[in-house]
Amino acid sequence: MEVKRENILITGIAGFIGFHLARQLLERGYQIIGIDNLNTYYDVDLKYARLNELGIAKHCSEFYNREVKSANFKGLSFFQLKLEDRANLPNLFRKHNIDVVCNLAAQAGVRYSIENPEVYIDTNITGFLNLLQCMRENQVSKLVYASSSSVYGNTDEVPFKVEQSVDQPISVYAATKKSNELLAHTYAHLFRIQTIGLRFFTVYGPWGRPDMALFLFADAIAKDKPVKVFNQGHLSRDFTYIGDIVEGIIATLEKDLPNNSKYGIYNIGNSKPVKLLDFIEALEHSFGKTAQKEMQPMQPGDVHQTWADVSDLERDFGYAPTTDIQTGIDNFVEWYKDYYRV
Ligand SMILES: NC(=O)c1ccc[n+]([C@@H]2O[C@H](COP(=O)([O-])OP(=O)(O)OC[C@H]3O[C@@H](n4cnc5c(N)ncnc54)[C@H](O)[C@@H]3O)[C@@H](O)[C@H]2O)c1
């Protein structure tokens, strides 16, 4: 049965995916509570700028655990709050009637996790458990959460299928995402919380993350600096446009798992891997400029390829990505030029 739910808690709302998801849901009339710790892993002003688009002004959101109501959307409240806060997160759940949770808050980034493993455990594992506990104590019955294609590790079995073994992560980041899937299974089993894990495949688009390839390449091309091409360009990624990702998330929020199941894991990708050098070529086309390429070795923790089999998400939730790579990159470059005035 399809159920339209009213109050959605989005964690990581100032992040790339959380912001886009919130905007779409608000335009569709949902009530949203958004939380984010506004950390400085990347340019925090970009996070404030995204919040500003949602009607949450910077000077209001700078205070910890204070409710800020949106000036643009009457259905939105924001709290600067940490996922691992064991006093204030439970309070938030007690005070608000939350129907469903979408957990997008995480310490992201594969390479950063090699040097800074602790923050990944704090946010992605301790924080995730805190969220599950709040749901359990307040009888919140549905969780959609971000997992990652990185759980597949360095495998040659393509396209990646959910049934494949994911027991050999090659970064701390990937290990924490796999841990989320295990904890979600436990809470689904013990407390009948419906949990849907989405393994995202390299998401890109306007308002994207400054630590990710597209942004780094665009920045280098715009500033006539060399583009660092890892593994001499012998990498491919299943780049997935943000608009398609948001439609996929909304489908899983609006519809329940089939057969009254309480535990689901799905790939969410474009299912059309693109070679790194073709990706750069599409970017050159958008900028109307040739990139200076600087060939670099393979980076520790990185995988050679990603490619999602999305047939399960198609079957159960009608997922159908539609954005081709050139259109997606053109949209990103248009935003980038406008935002950074280049
Ligand atoms: N973007 C991708 O390509 C991609 C790929 C695979 C998985 N994911 C996952 O999707 C989710 C969203 O990714 P994104 O690209 O929007 O990343 P993002 O870093 O832009 O967004 C995450 C947000 O969570 C917030 N956050 C971090 N730690 C927190 C904490 N302890 N408490 C509260 N808020 C906290 C950050 O401030 C940030 O705004 C993450 O879980 C990420 O691991 C993303």
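Compute the whole-percent fraction of alpha carbon pairs in region 212-278 spaced more than 18 Å apart. Across region 212-278, Cα pairs with separations above 18 Å total 56 percent.
What shape does region 1-144 have by the C-alpha gyration tensor, where a ≥ b ≥ c are the square roots of the eigenvalues, rounded means a/c under 1.5, and otherwise prolate means a/b greater than b/c and oblate the rest? The shape class here is oblate. Over the Cα atoms of region 203-342, the radius of gyration divided by the Kirkwood radius equals 1.03; this is the Rg/Rh ratio. Approximating the spin labels as points 7 Å out from Cα along Cα→Cβ, the Asp312-to-Arg94 distance works out to 3.7 nm. Roughly how many percent of the accessible protein surface of region 200-241 is carbon and sulfur, given a 1.4 Å probe and a whole-percent answer? It is 55 percent, rounded to a whole number. Going down the table (Lys223/Lys293; Lys225/Lys337; Lys47/Lys228; Lys58/Lys82; Lys82/Lys337), which pairs top 23 Å between alpha carbons? Going by Cα-Cα distance, Lys47/Lys228; Lys82/Lys337 fall outside the 23 Å limit.
Distance from the Cα centroid of region 82-107 to that of region 24-79 is 15 Å (rounded to whole angstrom). For the chain, the Cβ-based charge dipole about the Cα centre amounts to some 840 debye (Lys, Arg positive; Asp, Glu negative; other atoms uncharged). Remark: region 34-42, residue by residue, has Karplus-estimated 3J(HN,Hα) of x, 10, 6, 8, 6, 6, 9, 3, 9 Hz, where x stands for each Gly or Pro and the curve is 6.51 cos²θ - 1.76 cosθ + 1.60 at θ = phi - 60°. DSSP beta bridges fully contained in the chain are about 10 percent antiparallel. Protein heavy-atom accessible surface, 1.4 Å probe, per residue over the chain: 43 Å².
Hey, in the GNM for the chain with a 10 angstrom Cα cutoff, which one of Lys223, Lys58, Lys142 fluctuates hardest? So, out of Lys223, Lys58, Lys142, the one fluctuating most is Lys223.
Database remark: amide H of Arg199 closer than 5 angstrom to the amide H of Ser147, Tyr266, Asn267, Ile268 (H placed geometrically; neighbours at sequence offset of 5 or more, or on other chains; Pro and chain starts carry no H). Considering only Ile196, Ile13, Ile250, the Gaussian network model of the chain with Cα springs below 10 Å gives its largest mean-square fluctuation to Ile250.
Relative to the 2.2 N^0.38 Å rule of thumb, the chain has a C-alpha radius of gyration ratio of 0.95.
Build a GNM of the chain with springs between Cα atoms under 10 Å apart, and of Val44, Val229, Val303 the one that fluctuates most is Val44.
For region 131-148 versus region 173-190, the inter-centroid distance based on Cα atoms is 11 Å. Remark: region 249-264, residue by residue, has Karplus-estimated 3J(HN,Hα) of 5, 4, 4, 6, 6, 7, 10, 8, 4, x, 6, 6, 5, 10, 9, x Hz, where x stands for each Gly or Pro and the curve is 6.51 cos²θ - 1.76 cosθ + 1.60 at θ = phi - 60°. Of the accessible area of region 55-149, computed with a 1.4 Å probe over protein heavy atoms only, carbon and sulfur atoms account for 47 percent. The long axis of helix 44-53 is offset from the longest Cα principal axis of the chain by roughly 60 degrees. Can you give me the angle between helix 276-287 and the longest principal axis of the chain, using Cα atoms only, in degrees from 0 to 90, rounded to the nearest 10? The answer is roughly 90 degrees. Projecting the Cα atoms of Thr40, Trp207, Leu277 onto the dipole axis of the chain, where Lys and Arg carry +1 and Asp and Glu carry -1 at the beta carbon, places Thr40 farthest toward the positive end. For region 174-310, DSSP calls about 15 percent of its internal beta bridges antiparallel. In this structure, the amide hydrogen of Lys225, modeled 1.01 Å from its nitrogen in the peptide plane, lies closer than 5 angstrom to no residue at least 5 positions away or on a different chain. Per-residue Karplus couplings for region 327-342, computed as 6.51 cos²θ - 1.76 cosθ + 1.60 with θ equal to phi - 60°, are listed in order as 4, x, 5, 4, 5, 5, 5, 4, 5, 4, 5, 5, 5, 9, 6, 10 Hz, Gly and Pro entered as x.
Once backbone amide H atoms are built at 1.01 Å from N, Phe160 has Trp307, Ala308, Asp309 as its partners under 5 Å, excluding neighbours fewer than 5 places away on the same chain. Summed over qualifying helices (DSSP H, 4 residues or more, each -39500 (n - 2.57)) and divided by its residue number, the chain shows a 222 nm mean residue ellipticity of -11000 deg cm²/dmol.
With an a/c value of 1.5 or above and a/b not larger than b/c for the gyration tensor axes a ≥ b ≥ c computed over the alpha-carbon atoms, region 90-164 is described as oblate.
Using C-alpha pairs under 8 Å with a sequence gap of at least 6, the mean separation divided by the residue count of the chain gives a relative contact order of 18 percent.
The values are calculated or read from the model by the stated rules, or taken from the named source; none is laboratory data. As the structure is a prediction and not an experimental result, all values here were calculated from the model. Every residue, glycine among them, receives a Cβ derived from its backbone with ideal geometry; neighbour counts consider all protein chains shown. Side chains included, ligands, DNA and RNA excluded: accessible areas come from the protein's heavy atoms. Shrake-Rupley method; radii C 1.70, N 1.55, O 1.52, S 1.80 Å.
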